[in-house]
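A.B. asks: Starting off with a structure, shown below.
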Amino acid sequence: MSSSNSTVTTLDDASKQPDAPVKKAATVVKGANASPELSGKRVTVTINAAEGDGGNDAIFVGHNGFAFQIPRGVPVVLPVEVLQILKDAKTTISHTGEGGKLVERTVQRYTWQVEA
C-alpha cells in the first residue's frame, strides 16, 4: 500500500491570493575593464531569442576594443553606446519574388526591448 501526498481543495480556498511574482533585477553587463570613451549613460534592455541555431546564444559586441557578452531573454543594463551598436546591426534577407527575381530587404539583426 502506498501513501498519497495529495490534498483536497474547495472553492472556499480560492479566497487565498497567490503571492505576487517578484521582479528580478537586471544584470549589469560590463566590458573588460572600462572604456573612458563611454558616456556613463546606461539603459535596461532585453534581447529576444531568435529562430535557428544559436538563437539562444549570448551576443558578442565589441566597442573600442572592449568586449561585451550579452545574454538573451533576460533584462541587462548596458551602456547606451552598446545599444547603438545593436541598433546599427543589420542583415540582408533575400528570397525569390515575382517572375523569379531576387528580392532583398534589410532588417534588424537582433530584436530587443528597452525597459523604462
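Readers should treat all values here as calculations from the given coordinates under stated rules, not as data from a laboratory. The shown structure was predicted, so the numbers you read here are calculated from the model rather than taken from an experiment.
A.B. asks: Under a 5 Å amide H to amide H cut-off, with H placed in plane at 1.01 Å, what residues pair with Ile70 once short-range neighbours are removed?
C.D. replies: Ile59, Phe60, Val61
A.B. asks: Further, regarding this structure: Contact order normalised by length for the stretch 24-115, with contacts defined as Cα pairs under 8 Å and 6 or more residues apart; what percent is it?
C.D. replies: After rounding, I find 33 percent.
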